[in-house]
Amino acid sequence: FGAQITAAASQVVTSVVAQRWSSASEMVDGLEDLAIRAAATAEAGADLEGELFEVNRLVASNPELELALGSRLGNPAEKARLIESLLTSRASAATTLIVSSLVRQPRERRVRQLLSRASRIVADHRGSVVATVTSAAPLSAAQADRLSAALSARYGAAVSLNTVVDPSTVGGVRVQIADDVIDGSISTRLADLRHRLAG
């Protein structure tokens, strides 16, 4: 890379390529992981997990934005500029850097998949796990604290809550952590009851 990167970055890359990797894409995944962790370290005070979650929700709720960011025909620099303009006053510099870097080089991955992975890496780097909590109404601070404490005890790590308000859940909560789902929503209980009565 010569003068294109700093001495510190050159040292990291040299160390990475000296390791054994099963494939080139695994090595690039490793470099991407390191870059996300470095951004998280540089901005330790920011709620990067929450910000990445909000960016993911923004993309999910706007099909045109998701198409613009995910299109193979789009200019990578233009995609990065679009993210920078959207997040300028809405997210930290670290989140903006992570998201703009990911949309530049998606490597055949969907935008929401990239954002979810980045959120998990940041949480892991900070020794926590991310829970997506869906409820019919916003949780109070006390409810959020109790839920976070209960989940932290169950998973043996600090749990960061990303909350989604969805009136169709009727009541109760649905919690998802990675592939684990704890569904205590009233809508699911009613659906189960209807299924039992019909069967």
Could you work out how far helix 76-87 tilts from the main Cα principal axis of the chain, as a 0 to 90 degree angle to the nearest 10? 50
Which of the listed residues, 83, 116, 164, is farthest toward the dipole's positive end in region 70-199, when Lys, Arg count +1 and Asp, Glu count -1 at the beta-carbon? 83
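Multiply the residue gap between residue 29 and residue 176 by 0.36 nm, knock off their C-alpha separation, and tell me the result in nm, one decimal place. Can you show the working numbers first?
Values: separation 147, 0.36 × 147 = 52.92 nm, distance 2.46 nm.
The residue 29-residue 176 span can extend by a further 50.5 nm.
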So, in Å, what gap is there between the alpha-carbon centers of region 30-68 and region 126-153? 20
Which percentage, to the nearest 5, of the DSSP beta bridges contained in the chain is antiparallel? 50
What is the sum of charges, Lys and Arg at +1 and Asp and Glu at -1, for the other residues whose Cβ falls under 12 Å from the Cβ of residue 122? -2
Any trypsin sites (Lys or Arg not before Pro) in region 92-149 that lie in a DSSP loop and have at most 15 other Cβ atoms within 10 Å would be 107, 109, 110
Residue span residue 168 to residue 197: 0.36 nm per residue of separation minus Cα-Cα distance leaves a gain in nm of 8.3 nm
What's the angle, to the nearest 10 degrees (0 to 90), between helix 141-155's Cα axis and the longest principal axis of the chain? 70
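Values quoted throughout were computed directly from the atomic coordinates according to the rules given, and no laboratory measurement underlies them. Quantities reported herein were computed from a predicted structural model and do not represent experimental measurements. No Cβ is skipped: glycine too gets one built from the backbone with ideal geometry, and neighbour counts run over all protein chains shown.
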